[in-house]
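K.L.:
Here it is, the structure, as structure tokens.
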Amino acid sequence: MPDTVLITEVALRDGLQIEPVTVPTAEKIAFGRMLVAAGLRHLEVGAFVSPAKVPAMADSAEVIGGLTDLDAVLHALVFNVRGAERAVSAGTRSVRFVVSASDGHSQANTGVTREAALQRLAEAAAYLRDHDVAVEATIATAFVCPFDGDTTVATLVGLAERLAALDIGVLHLADTIGAATPGDVRRGVTAVQAAVPEIPLGLHLHNTYGMASACAWEALSLGVRRFDAATGGLGGCPFAPGAAGNIAADDLVHLMHREGITTGIDPDALTAAREQLAKMVGHGLDSSLAVAGKSPSSIRFPG
């Protein structure tokens, strides 16, 4: 197992995008600052998408502007060159592309087929390279799609190879509806590693069926060192029926620390951020630690 892992906190984007409440921009910025103070150095803070489809992301430029003085990498999602232009105008230095492995989810999420989405991203990638912006990519429904069923390994590999050709820095595999098993992760990750060994892999997990931690552990054993997570387990995809929250950042940090793996994150400060997030959205959060209380970091369990 590794000595360290990198956790990207996605509550400001993937967490808030599905919430019915509109969180004020100032509260988002304050929460982002709490996360960085807790030791998180990578935050996914917004998405340059249609505000009519995802109104919670309408203030992404303002959120990025309020956090750019921090010692942190701020990621934002884009789906096309227009989004890329808006991201650059906002001062974004790291962009994530998202493309679905399935046509069903691609149509629901972006309104176009997977092939059309890839063509859009190729145009956006060229624009971002010209503006010296770092580019990462995420394959949504990498393992299971709510519309088209299981994603084949061949489909996943083919898409990974095409994204690698866009000169991306990192490739993330997303279990968008939280239906993957550790076996699915093992088959998908090993195949993609073999196909594009030069591209570091990350995992974006949801916890719909309670298997996110098991999937993370499987990925760790395969050499994955990057994980997305949302404080308190907040989140879900508004365009993927049945999707529950993300793997909880507080639970993932607890798992890593209990196994002697360094994250650079202060669990107590992350607990404070989780409590603040619950106030922001107006309801309790679903992480195990939100139920159990503070991580027992000083306790060594027998056995």
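The values are calculated or read from the model by the stated rules, or taken from the named source; none is laboratory data. These numbers come from a predicted model, not from an experiment. Cβ atoms come from the backbone with ideal geometry, glycine included; neighbour counts cover every protein chain shown.
K.L.:
Counting only residues that are without any contact (Cβ under 8 Å) to a residue 12 or more places away in the chain and either crowded, with 18+ Cβ neighbours inside 10 Å or among the polar types (S, T, N, Q) (or both), which one in segment 110-151 is nearest to Leu201 (Cα to Cα)?
P.N.:
This residue is Gln119.
K.L.:
Kindly indicate whether Val73 is surrounded by fewer than 19 Cβ atoms within 10 Å (Cβ to Cβ) and within 15 Å of the chain's Cα centre (by Cα).
P.N.:
Criteria met by Val73.
K.L.:
Looking at Ala154, is it among the aliphatic types (A, V, I, L, M), at pLDDT 95 or above, crowded, with 24+ Cβ neighbours inside 10 Å and in a helix (DSSP H, G or I)?
P.N.:
no
K.L.:
Restricted to segment 240-271, and to residues that are in a loop (DSSP other than H, G, I, E, B) and touching a Phe, Trp or Tyr at 6+ places or on another chain (Cβ under 9 Å), which residue is surrounded by the most Cβ atoms within 10 Å (Cβ to Cβ)?
P.N.:
Ile247
K.L.:
Here's something else I'd like to know. Hey, does segment 21-41 have a residue that's touching a Phe, Trp or Tyr at 6+ places or on another chain (Cβ under 7 Å), on the phi < 0 side of the Ramachandran plot and not charged (D, E, K, R)?
P.N.:
So far as segment 21-41 goes, no, none of its residues is touching a Phe, Trp or Tyr at 6+ places or on another chain (Cβ under 7 Å), on the phi < 0 side of the Ramachandran plot and not charged (D, E, K, R).
K.L.:
Check off (1) more than 22 Å from Ile247 (Cβ to Cβ); (2) in a helix (DSSP H, G or I) for Ala160 and give me the number that stays unchecked.
P.N.:
(1)
K.L.:
Hey, another quick one. Could you give every pair whose Cβ atoms fall below 8 Å, whose first residue belongs to segment 29-45 and is touching a residue at least 24 places away in the same chain (Cβ under 8 Å), and whose second residue is hydroxyl-bearing (Ser, Thr, Tyr) and part of a loop (DSSP other than H, G, I, E, B), counting only separations of at least 6 or pairs across chains?
P.N.:
These pairs meet every condition: Gly39/Thr263.
K.L.:
Being under 15 Å from Val45 (Cβ atoms) and either surrounded by fewer than 18 Cβ atoms within 10 Å (Cβ to Cβ) or more than 19 Å from the chain's Cα centre (by Cα) (or both) is the filter here; which residues of segment 89-109 pass it?
P.N.:
Ala90, Gly91, Arg93
K.L.:
In segment 51-82, how many are in contact with a helix residue (DSSP H, G or I) (Cβ under 6 Å, 6 or more places away or on another chain) and part of a loop (DSSP other than H, G, I, E, B)?
P.N.:
Number of matching residues: 8.
K.L.:
With the condition being more than 21 Å from Ser106 (Cβ to Cβ) and at pLDDT 95 or above, I'd like the strands (runs of 3 or more DSSP E) fully within segment 170-239 carrying at least 2 qualifying residues.
P.N.:
Where strands (runs of 3 or more DSSP E) fall fully within segment 170-239 and carry at least 2 residues being more than 21 Å from Ser106 (Cβ to Cβ) and at pLDDT 95 or above, they are 226-229.
K.L.:
Quick check on segment 1-54: of everything there that is more than 16 Å from the chain's Cα centre (by Cα) and basic (Lys, Arg), which residue is surrounded by the most Cβ atoms within 10 Å (Cβ to Cβ)?
P.N.:
My answer is Lys28.
K.L.:
Can I ask one more? Out of all the residues in segment 10-53, which are farther than 22 Å from Glu85 by Cβ and charged (D, E, K, R)?
P.N.:
Asp14, Glu19, Glu27, Lys28, Arg33, Arg41, listed by residue number.
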